[in-house]
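These notes are about the structure you will find just below.
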Amino acid sequence: MENKKKFVHELGKLLGKYVYRLNIKEFEYLKMENGEEYVMILFNDGFQKKICITGDSELAVMQDVAKRLS
């Protein structure tokens, strides 16, 4: 879990820095009590987007995020 949390944080920094049109403030890793995992994307305008990444590898996290941001 700690590796996925760090990966999500670093992915958010990378996308926020290089993909300006997305207006990303940060990514948060969330793990619910029932074991489900999410990326919460926080945008500079206050909008939020929650993406399920339960059971995802790092590659699958990137794919899920890319699908939801496109």
Worksheet item: How many of the residues in the stretch 32-70 are surrounded by 11 or more Cβ atoms within 10 Å (Cβ to Cβ) and in contact with a Ser or Thr (Cβ under 9 Å, 6 or more places away or on another chain)?
Response: 3
Worksheet item: Among the residues of the stretch 28-62, which ones are in contact (Cβ under 8 Å) with a residue 24 or more places away in the chain and of a type in the set (Phe, Trp, Tyr)?
Response: 29
Practice prompt. For residues that are hydroxyl-bearing (Ser, Thr, Tyr), surrounded by 14 or more Cβ atoms within 10 Å (Cβ to Cβ) and more than 18 Å from residue 59 (Cα to Cα), tally how many sit in the stretch 14-31.
Written response: 0
Worksheet item: Considering only the stretch 20-48, how many residues are among the aromatic types (Phe, Trp, Tyr) and farther than 17 Å from residue 6 by Cβ?
Response: 3
Worksheet entry | Of the criteria (1) modelled with pLDDT under 95; (2) open to solvent by 40 Å² or more (accessible area, probe 1.4 Å), which one residue 11 fails | (2)
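The values are calculated or read from the model by the stated rules, or taken from the named source; none is laboratory data. Computed from a prediction, not measured in an experiment: that's the story for all the values here. Ideal geometry is used to build each Cβ from the backbone, glycine not excepted, and the neighbour counts take in all protein chains shown. When the accessible area is computed, the model is the full protein with side chains, heavy atoms only, and any ligands, DNA or RNA have been set aside. Shrake-Rupley method; radii C 1.70, N 1.55, O 1.52, S 1.80 Å.
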